[in-house]
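Here the structure comes first, spelled out in structure tokens, and everything after it is commentary.
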Amino acid sequence: MPVALSKLSSSSIKAQLQPRLTSRIGTLLSKVQRVTFAAITTLLALSMSDQGVAGAKEGEMMNIGSRRELFVDDWLSERMEGVELRLHHPTPREVVIAFDQPWEGNTCAYVSVFQDGDRFRMYYRGSNHDLKTGKETHPSFTCYAESRDGIHWTRPELNLFEFEGSKRNNIVWQGVGSHNFTPFKDANPACPPEARYKALGVGKGGLYAFQSPDGIHWSLLRPQPVITKGAFDSQNLAFWDSVRGHYVEFHRGFREGFRDIMTSTSEDFIQWTEPQWLDYGDAPREHLYTNAIRPYFRAPHLFLGFPKRFLPPRRKTPHPIAGLSDGVFMTSRDGLHWHRWLEAFIRPGPQPERWINRNNMTAWGIVVTKSSLPGAPDELSLYSSEAYYTDGNRLRRFTLRLDGFVSLHADYAGGELVTKPLTFEGRELVINYATSAAGSIRVELQDAAGQPLPGYRLEEAIEIYGDELERVVSWKNGSDVSPLAGRPIRLRFVLKDADLYAMRFRP
């Protein structure tokens with residue numbers, strides 16, 4: 001393969017690499033040491049367009065296979081009439097942890113949550129700020145909690161680090177990186193056992209990389225920082241991207257006076273590409289204090305982000321430190337180009353303590369928990385901070401239906417969406433939806449030119465109403481769509497007083 005990639009056209013690169021690009025991207029990148037991040041992004045985009053992930057160029061066919069697609073952007077849409085993409089807001093639930101231990105305090109923050117087998121793990125900063133002196137009352141620690149249901153959490157006595165003469169605490173790390181230590185479980189199949197858990201944390205000169213065999217006992221991967229371009233005074237995070245086959249990280253930077261987000265990739269968690277700024281299209285410049293970005297586990301080709309939006313000059317309470325925050329939501333199909341919703345995902349709400357500086361920070365992590373409603377399906381749990389800078393500093397759980405971040409919404413008057421041409425694999429179409437008692441959803445399948453296909457016309461569609469996570473779409477002759485698999489088609493969704501959250505062609 002030539003080293004001078006810039007001399008090749010995109011079509012030439014694609015023609016040479018298309019059959020094996022996805023599986024061999026890591027090998028190719030390791031061989032080409034001088035490839036810029038922009039060239040890497042081009043290669044990834046070509047690979048993902050073949051998979052129907054990043055989107056198709058003009059005249060190219062989107063292949064969604066049997067992948068779940070969420071209506072979090074307009075990627076599928078060619079025409080919308082009488083419908084809109086509506087952002088949904090999670091429901092506040094109980095407080096899951098109060099940061100009231102002596103080694104914790106009023107500035108505990110930067111929470112990470114993930115499920116690990118039959119238990120949930122939580123990591124967070126233990127710190128306390130004296131508002132009178134403006135100083136920290138004790139060093140920052142990384143603390144650890146765990147749960148069997150994502151709702152009830154305990155602090156195990158780890159006996160690892162001493163605080164005020166005792167090791168009877170849940171401190172899991174102290175030292176470089178403890179200000180914003182952010183762990184994850186590495187899903188890379190080539191990961192060695194001693195590095196099954198990894199983390200990033202800030203220290204002198206940049207971000208340091210950590211490893212652990214069990215998520216409890218941690219060590220530096222190397223004594224020098226692995227990422228040095230950025231600001232890093234936030235929750236900086238990384239994960240293994242199973243769809244694209246490499247590590248991805250997102251960290252704090254300052255751009256034109258605003259707190260912003262940078263990203264880079266790595267094959268080995270040590271050598272990282274040159275960080276690039278995220279692109280939010282025509283969204284206005286705002287302070288994004290954190291990012292909380294991760295792949296969505298039910299559709300891992302989609303990145304979901306939950307930044308804390310920060311407004312420094314605003315003040316709602318007599319608290320001595322100015323600044324207000326809320327939680328926002330954004331999505332991406334390549335990790336670089338983002339659609340950011342301008343309205344808040346999590347508002348401060350009626351609690352005065354949520355209207356204090358640096359509150360409403362969405363934790364990094366989405367987990368599945370049991371519903372509190374008898375007979376209801378499992379739901380998503382997210383966590384958000386409240387009462388920061390007060391003696392009541394704590395973390396609250398919020399819930400949302402599976403895939404329920406955004407929906408294609410129609411009111412009682414009704415409306416419809418027609419997709420771009422696409423191909424699929426599978427035997428039946430299933431949807432995640434909700435309607436009123438009077439509402440409905442019907443689906444028509446069309447050819448690439450937009451002509452209804454016999455047997456799948458709108459007048460042959462069985463009307464759907466209710467509230468289900470996976471409902472099979474059917475027509476008068478049944479639900480089998482396999483005769484159309486691999487052929488270019490369009491989908492026409494006709495809604496009335498309904499929300500459509502996701503769709504999938506199921507094998």
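Rule-based calculations on the coordinates, nothing more; no lab input. Treat the numbers as computed from the prediction; the structure is a model and nothing was measured. No Cβ is skipped: glycine too gets one built from the backbone with ideal geometry, and neighbour counts run over all protein chains shown.
Below is a table of values for the structure above.
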quantity	calculated
Rounded Å value of the spacing that divides the Cα centres of region 418-494 and region 147-201	46 Å
Cβ-derived FRET efficiency at R0 25 Å, Glu425 paired with Ala449, nearest 0.05	0.70
For Leu87, net neighbour charge (Lys/Arg +1, Asp/Glu -1) across residues whose Cβ lies under 15 Å away	-2
Cβ-based charge dipole, the chain, positive-most Cα from Gly392, Gly253, Trp475	Gly253
Hits among aspartates and glutamates - C-alpha to C-alpha of Lys420 under 13 Å, sequence gap 8 or more where chains match	Glu58, Glu60, Asp74, Glu78, Asp447
Subset of Lys132/Lys316; Lys204/Lys229; Lys370/Lys496; Lys476/Lys496; Lys198/Lys229 violating a 22 Å alpha-carbon distance limit	Lys370/Lys496
Peptides 369-379, 210-220, 236-246 ordered by average Cβ neighbours within 10 Å, highest first	236-246, 210-220, 369-379
Packing-based ranking, highest mean first, of 432-443, 74-85 given that Cβ atoms within 10 Å are counted	432-443, 74-85
Within the chain, helix-based [θ] at 222 nm, where runs of 4 or more DSSP H residues each add -39,500 (n - 2.57), nearest 500	-2000 deg cm²/dmol
For the chain, share of DSSP beta bridges that run antiparallel, in % to the nearest 5	95 percent
Relative packing of peptides 253-259, 136-142, 463-469, 405-411 - highest average C-beta neighbours within 10 Å first	405-411, 136-142, 463-469, 253-259
At most 14 other Cβ within 10 Å, DSSP loop - trypsin sites (Lys or Arg not before Pro), region 159-205	Lys167, Arg168, Lys204
Long-range tail of P(r) for region 179-288 (Cα pairs > 24 Å, %)	24 percent
